[in-house]
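K.L.:
Quick one: this structure, given as structure tokens, is what I'll be asking you about.
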Amino acid sequence: MERHTYSVNFSASPSKARKTGLMPIFVTIRQNGERVTFTTGKYIHPSEWDAVKQKAKGKSETAQAINTYLLQLRNKIYRKELELMDRGYIVNPSTLRDACLEKVESIQSKSLCQIFQEYIDDARKSIGIDVKKDTIYSYERTYDLLKDYMKVTYKRNDFALQELNLSFIDKFNVYLRSELKHKKNTAVKHLRCLMRVVNVAVANRHLSFDPFLNFKAQREICERVFLTEEELRILINKD
């Protein structure tokens, strides 16, 4: 059985009950005499709380929902401990609380749209330095197509980073080629924009794996055709 250097306990406080009679459920993390307490966001009637077992009584739908949530919260605290240790943090009750409340920047749970928008916003700051406006436009266009793809294919507005996989990328490629009728090189351009954003997320350790690892985004070699004399004359005479 896995051992931890801290304890996680749940409690409900009748003294802080609302006018409805429901009292808030708190979680307390203790370690070496230090402790922090914060709310779980859940409420329960005093008669339905088992203080000894630290869970809701009975098998009602509400009780099961609360107990499932508390179990998931406990597991989340354990996961955050591993993430903090992996990034070299000193684990204590305060950092565990902040991690659970998504207040530790390096281990915040981010979504695909969130990191894509952050990438574009950061790139805009470098326009005229080492980024061209056309480059920003390419990423903005890819972002718009990506949002349309998620709505059409999955009926969703966003995806958690951990949900990304090879299937998501393959289907995006198919969407570009079949639904939007893009040529291969145009589709590859958008896929490479997405790949760059995802690679930054991996580098910043917001994502623990690279979903593009087994995906090949190679452009076709196209022969450039020179304009004929007649075509050049048409351009010259065009008002």
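The values are calculated or read from the model by the stated rules, or taken from the named source; none is laboratory data. Quick caveat, the model's predicted, so the values are computed rather than measured. Cβ coordinates were reconstructed from backbone atoms using ideal geometry, including for glycine residues, and neighbour counts include every protein chain displayed. Ligands, DNA and RNA are excluded from the accessible area calculation, which covers all protein heavy atoms including side chains. Shrake-Rupley method; radii C 1.70, N 1.55, O 1.52, S 1.80 Å.
K.L.:
Select from region 101-136 the residues that are modelled with pLDDT under 85 and under 30 Å from Thr28 (Cα atoms) and list them in ascending order.
P.N.:
If the condition is that a residue be modelled with pLDDT under 85 and under 30 Å from Thr28 (Cα atoms), then Leu101, Glu102, Lys103, Val104, Glu105, Ser106, Ile107, Gln108, Ser109, Lys110 are the ones that fit.
K.L.:
Would you mind finding the one in Val198, Val174 that is under 13 Å from the mean Cα position of the chain (by Cα) and not in a loop (DSSP other than H, G, I, E, B)?
P.N.:
Working: Val174 fails: under 13 Å from the mean Cα position of the chain (by Cα).
Checking each option against the conditions leaves just Val198.
K.L.:
Which of the following residues is assigned to a loop (DSSP other than H, G, I, E, B), open to solvent by less than 100 Å² (accessible area, probe 1.4 Å) and either touching a Lys or Arg at 6+ places or on another chain (Cβ under 6 Å) or of a type outside the set (Phe, Trp, Tyr) (or both): Leu207, Leu213, Leu232? Explain how you work it out, then say what you get.
P.N.:
Details: Leu213 fails: open to solvent by less than 100 Å² (accessible area, probe 1.4 Å); Leu232 fails: assigned to a loop (DSSP other than H, G, I, E, B).
Being assigned to a loop (DSSP other than H, G, I, E, B), open to solvent by less than 100 Å² (accessible area, probe 1.4 Å) and either touching a Lys or Arg at 6+ places or on another chain (Cβ under 6 Å) or of a type outside the set (Phe, Trp, Tyr) (or both) holds for just one of Leu207, Leu213, Leu232, which is Leu207.
K.L.:
May I ask you to list the residues in region 214-231 that are at pLDDT 85 or above and not polar (S, T, N, Q)? Working first, answer last.
P.N.:
Of the residues in region 214-231, the ones at pLDDT 85 or above are 226-231.
Selection gives Phe226, Leu227, Glu229, Glu230, Glu231.
K.L.:
Tell me, yes or no, whether region 152-160 has at least one residue that is in contact with a strand residue (DSSP E or B) (Cβ under 9 Å, 6 or more places away or on another chain) and acidic (Asp, Glu).
P.N.:
From region 152-160, those in contact with a strand residue (DSSP E or B) (Cβ under 9 Å, 6 or more places away or on another chain) are 158-160; that's our starting set.
With the extra rule that they be acidic (Asp, Glu), the set shrinks to 158.
Yes, some residue in region 152-160 is in contact with a strand residue (DSSP E or B) (Cβ under 9 Å, 6 or more places away or on another chain) and acidic (Asp, Glu).
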